[in-house]
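Contents: one structure, followed by commentary.
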Amino acid sequence: MITLKTDEQIKLMHAAGRVVASCHKELAKIIKPGITTIEIDQFVEHYLHKHGATSAQKGYYGYEYVTCASINDEICHGFPRNEPLKDGDIVTIDMVVDLDGGLADSAWTYPVGNITKEAKKLMDISREALYKGIEKAVAGNRIGDIGHAIQEYVEGHGFSIVRDFVGHGIGAKIHEAPQIPHFGLPNRGPRIKEGMVITIEPMVNIGSWESKMDSNGWTVRTMDGSLSAQYEHTIAITKKGPILLTEQL
Ligand code: MF3
Ligand code: CO
């Protein structure tokens, strides 16, 4: 069932989204060769605490960290670890935050030091693909319009879009209906309505879209070992169009 949110609920989620966004802006400053993803996770934990927020993902189905930290060929749900990031790596930091009962979810891929031209292009296309999807997140459209726009854009630039993980409704829980695939046909799926709050979070690979699960049961990586990037916003559908609750201002 798709639950529509009141203006009041969206306000709470927006407040949580502002904490997520400002935290990501701080991460952009500290992510450099030598830092470990455990240190990044601890930074985020302190940052949330300082801003009166808590992690919504720590403890979620037994997940043990406040962030997912997915390096290079890791697509999503990487575990923070005690190993320094290296010059040329790319790392996606994903977090879901709870502030006064409002949830917000946003992931961002960061370069570590100097990265290759190809990695830079992957990041640019992934981020632009997110905005192509957001443009379609308008009341009256269908959910399939979002994924179709993303897939066309990504494949048009020679990259591939992950099929096995999707965006989602968010509200009282991290994952609610509907699922938001980042691929597919236009004019399919549920009608988009005012009051829906969803994530759009395309995961884009340089090589094939296929993924495999690590033995830890969480971490997903590209089947062919190619690099993967991801950008995610939490978005409210309103009369005035999509509002990015996690926008980095
Ligand atoms: N944005 C991630 C997702 O929607 C956050 C997952 S929380 C976790 O999958 F606990 F599952 F990691
Ligand atoms: Co999400």
Determine whether the range 46-64 contains at least one residue that is in contact with a Cys (Cβ under 6 Å, 6 or more places away or on another chain) and under 18 Å from G17 (Cα atoms). yes
Checked pairs for the range 114-133, first over 11 Å from I90 (Cβ atoms), second open to solvent by 40 Å² or more (accessible area, probe 1.4 Å) and assigned to a helix (DSSP H, G or I), C-beta under 7 Å and 6 or more apart or across chains, list as E128/Y153; A129/Y153; K132/Y153
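I'd like to check something: does the range 160-167 contain any residue that is of a type in the set (F, W, Y), touching a strand residue (DSSP E or B) at 6+ places or on another chain (Cβ under 9 Å) and more than 16 Å from ligand 2 (Cβ to nearest atom)? I'd like the intermediate steps shown before the answer.
Within the range 160-167, the first condition is being of a type in the set (F, W, Y), and the residues that meet it are 165.
Next, from what is left, pick out any that are touching a strand residue (DSSP E or B) at 6+ places or on another chain (Cβ under 9 Å): 165.
Going one step further and asking which of them are more than 16 Å from ligand 2 (Cβ to nearest atom), we end up with none.
Within the range 160-167, none of the residues are of a type in the set (F, W, Y), touching a strand residue (DSSP E or B) at 6+ places or on another chain (Cβ under 9 Å) and more than 16 Å from ligand 2 (Cβ to nearest atom).
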Just one listed residue, out of D94, D124, D89, is closer than 19 Å to N205 by Cβ, within 11 Å of the chain's Cα centre (by Cα) and not hydrophobic (A, V, I, L, M, F, W, C), and it is D94
Scanning the range 67-86 for residues that are within 14 Å of the chain's Cα centre (by Cα) and assigned to a loop (DSSP other than H, G, I, E, B), the one nearest to ligand 1 (Cβ to nearest atom) turns out to be H77
Picked from the range 197-212 (must be in contact (Cβ under 8 Å) with a residue 60 or more places away in the chain and touching a Lys or Arg at 6+ places or on another chain (Cβ under 8 Å)), the residue most open to solvent (accessible area, probe 1.4 Å) is S211
Being of a type outside the set (D, E) and farther than 16 Å from I134 by Cα narrows A229, A236 down to just A229
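The values are calculated or read from the model by the stated rules, or taken from the named source; none is laboratory data. The shown structure was predicted, so the numbers you read here are calculated from the model rather than taken from an experiment. A quick note on method: Cβ atoms are made from the backbone with ideal geometry, for glycine too, and the neighbour counts reach across all protein chains shown. Ligands, DNA and RNA are excluded from the accessible area calculation, which covers all protein heavy atoms including side chains. Shrake-Rupley method; radii C 1.70, N 1.55, O 1.52, S 1.80 Å.
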